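Below: the structure, in structure tokens.
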Amino acid sequence: MDKLAIIGGRPLYGEIPISGAKNSALKVMAAALLTDEKLTLTNVPRLADVDMLLRLLAQHGAEYNFDNSTLSLHVKDIFSTEAPYDLVRKMRASFNVLGPLLAREGKAKVSLPGGCAIGARPVDLHLKALTAMGAKIELDEGYVIAEAPDGLKGAVISLPFVSVGATEHTMLAAVLAGGETVIENAAREPEITDLADCLNAMGARVKDAGRSTIRIEGVDRLHGAEHRVLPDRIETGAYAMAVGAVGGELTLMGADGGLLGAALAALEEAGLQIEERENSLCIKKTEERCKAVDIVTQPFPGFPTDLQAQFMALMATADGASTIKETIFENRFMHAPELSRMGAKISVDAQTATVRGVERLKGAPVMATDLRASMSLVIAGLAAEGQTMVNRVYHLDRGFERLEEKLQNCGALIERVKD
Ligand code: UD1
């Protein structure tokens, strides 16, 4: 398995192009199953997760062409309504093919998902929403077997708590359902708005995405369209946090600060200078050390759970003590013991981590446990004295496009070591 070798302590200076958002690309790609015409997506990141979903879509019948960051998908006919375990288990977003297959073909058999090991991550809300729309659902040997022979029907879906996945999945099914679907307590993440924009470009009638109540008027068919995936707010935040940990000045090209919600405020409170320019975000560290800041992960516009690990790496070298509370997932502090191996002072009590900043971390061999945790170890490695070896880099390849190249171009000493 590949590793990343990092020699820390070199500030970052230069420009980093921000890629299209992985979490958005994967959902708009699933939308290609809803039409027999071509869907062209631009600003699509080249990531292992995107390739994995392409393999799944291809076996459902998609023809595709991926050139630079432009991906065209054409699902003229659905060959198979079955999504096998091998292709779904590695990535949770693959589960979202269930709704579109059901909406277009009236049946689907999809393996229950896998993904990052950050908690139980059930899909009960997804299944409840599809059931409320008239689907008959059975679970059999790790597969969801769903049928809606007379088509899906609009329904009022009231989510007991905010779920990004369930909101997206409901949207993907409801656009072709008969009548109106109302999603109450919907997620308001920018990726939800991006999916709505893509679906509407395809002829759907999705209203009020980005608000707590989304209304969807079902249509008989969708058509081809072109859609640009929004910039990755998690990649943006991660590079900003790297500047906080190691110093320097980065211009994040194509980034949109407005997508960062509470993370932007936390970075400013930590002492970073942030300047929003047209089509870029400039991040500068002027103080010797960042200040300790307390955060609580929350659905958007709160502090994103996907930036919690990276923020912990930043706080590990901040001046003072900070508390980091994780409210979205129950097992998302696996980076804490790895950061401690590098000299960080972190204690974890249930869902809260207390981080006492130290002046300097020390390089060490560490193990990446999930995607965002891996990035937190990279940030810590960039800031640490000496060499850090990050094992299990494949997690990073799932979610950060051309990571080493982007960092090397800004002065970092980071290299992939092939096994
Ligand atoms: C979550 C994050 C999203 C992030 C993604 C990948 C939130 C609200 N969501 O989205 O920002 O990009 O992880 O790390 O921050 N749940 C159930 N039953 C379900 C679905 C979810 O109990 O059917 C629970 C989850 O276990 C979790 C919470 O709901 O505790 C929110 O989950 P959800 O938003 O659906 O997760 P993702 O879509 O994976």
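Principal-axis analysis of the Cα atoms of the chain puts helix 371-383 at an angle of about 20° to the longest axis. Using every pair of separate Cα atoms, the Kirkwood estimate puts the hydrodynamic radius of the stretch 211-313 at 15.2 angstrom. For the stretch 66-77, putting each phi into the Karplus relation 6.51 cos²θ - 1.76 cosθ + 1.60 with θ = phi - 60° gives couplings of 10, 10, 6, 10, 9, 10, 10, 10, 9, 10, 4, 10 Hz, in residue order, rounded to whole numbers and with x for Gly and Pro.
What would the Debye formula give as log10 I(q)/I(0) at q = 0.09, 0.11, 0.16 Å⁻¹ for the alpha-carbon point model of the stretch 62-202, no solvent? Taking Cα atoms of the stretch 62-202 as identical point scatterers yields -0.27, -0.40, -0.89.
A cut-off of 5 Å between modelled amide H atoms, ignoring neighbours fewer than 5 places along the same chain, links Gly134 with Lys153. Modelled this way, with points 7 Å down the Cα-to-C-beta line, the labels at Glu385 and His223 are 6.6 nm from one another. With respect to the chain, whose longest principal axis is taken over its alpha-carbon atoms, helix 48-60 is tilted by about 10°.
Using a 1.4 Å probe, what is the accessible area per residue for the chain, in Å²?
Per-residue value: 39 Å².
Segment Asp77..Asp2, full-extension length gain: 23.2 nm, with 0.36 nm per residue of separation and the alpha-carbon distance subtracted. If you build a Gaussian network model of the chain, linking Cα atoms that sit under 10 Å apart, which residue out of Pro113, Pro301, Pro160 swings the most? Of the options given, Pro160 has the highest mean-square fluctuation.
For the set Lys38/Lys136; Lys22/Lys76; Lys38/Lys76; Lys27/Lys90, the pairs lying more than 18 angstrom apart at their alpha carbons are Lys38/Lys136; Lys22/Lys76. Considering only the chain, what is the antiparallel percent among its DSSP beta bridges, to the nearest 5? Here the antiparallel bridges make up roughly 70 percent for the chain. A straight line joining the Cα centroids of the stretch 263-312 and the stretch 1-79 runs 26 Å. In this structure the amide hydrogen of Ala364, modeled in the peptide plane, comes within under 5 Å of the amide hydrogens of Thr388, Met389, none closer than 5 places in sequence on its chain. For the stretch 155-218 versus the stretch 351-419, the inter-centroid distance based on Cα atoms is 36 Å.
Hey, in the GNM for the chain with a 10 angstrom Cα cutoff, which one of Asn68, Asn23, Asn391 fluctuates hardest? Comparing Asn68, Asn23, Asn391 in a Gaussian network model of the chain, the most mobile one is Asn68.
Of all the options Glu405, Glu326, Glu82, the one that moves most in a Gaussian network model of the chain with Cα springs shorter than 10 angstrom is Glu405. Applying the Karplus relation 6.51 cos²θ - 1.76 cosθ + 1.60 with θ = phi - 60° to the stretch 335-341 yields 3J(HN,Hα) values of 6, 4, x, 5, 5, 4, 4 Hz, where x marks Gly and Pro. Does the stretch 101-170 come out rounded, prolate or oblate, given a ≥ b ≥ c as the square roots of the eigenvalues of its C-alpha gyration tensor, rounded meaning a/c under 1.5 and, failing that, prolate meaning a/b above b/c? Verdict is oblate for the stretch 101-170. Ellipticity at 222 nm from helices only: DSSP H runs of n ≥ 4 in the chain, each -39500 (n - 2.57), divided by the residue count, give -8500 deg cm²/dmol. Peptide packing: for 285-297, 192-204, the average count of neighbouring Cβ atoms within 10 Å per residue gives the ranking 192-204, 285-297, highest mean first. Hull volume per residue, based on the alpha-carbon atoms of the chain and their convex hull, is 122 Å³. For the stretch 204-267, what are the per-bin percents of Cα-Cα distances with bins 10 Å wide, up to the bin holding the maximum? Using 10 Å bins, I get a P(r) of 16, 33, 25, 18, 7, 1 for the stretch 204-267. Helix 190-201 and the long axis of the chain differ in direction by around 30°, with both axes built from C-alpha atoms. Net charge of the neighbourhood of Leu264, taken over other residues with C-beta under 12 Å away and scored Lys/Arg +1, Asp/Glu -1, is -4. Round to a whole number: what % of the accessible area of the stretch 1-152 belongs to carbon and sulfur, probe 1.4 Å? Carbon and sulfur together cover 46 percent of it. The stretch between Ala321 and Val348, if pulled fully straight at 0.36 nm per residue, gains 8.4 nm over its current Cα-Cα span. Antiparallel beta bridges, as assigned by DSSP with both residues in the stretch 106-193, represent about 70 percent of the total such bridges.
The values are calculated or read from the model by the stated rules, or taken from the named source; none is laboratory data. Keep in mind the model is a prediction, meaning the values are calculated, not measured. As a convention, Cβ positions derive from the backbone with ideal geometry for all residues, glycine included, and neighbour counts pool all protein chains shown. Protein only, heavy atoms only, side chains kept; ligands, DNA and RNA dropped before computing areas. Shrake-Rupley method; radii C 1.70, N 1.55, O 1.52, S 1.80 Å.
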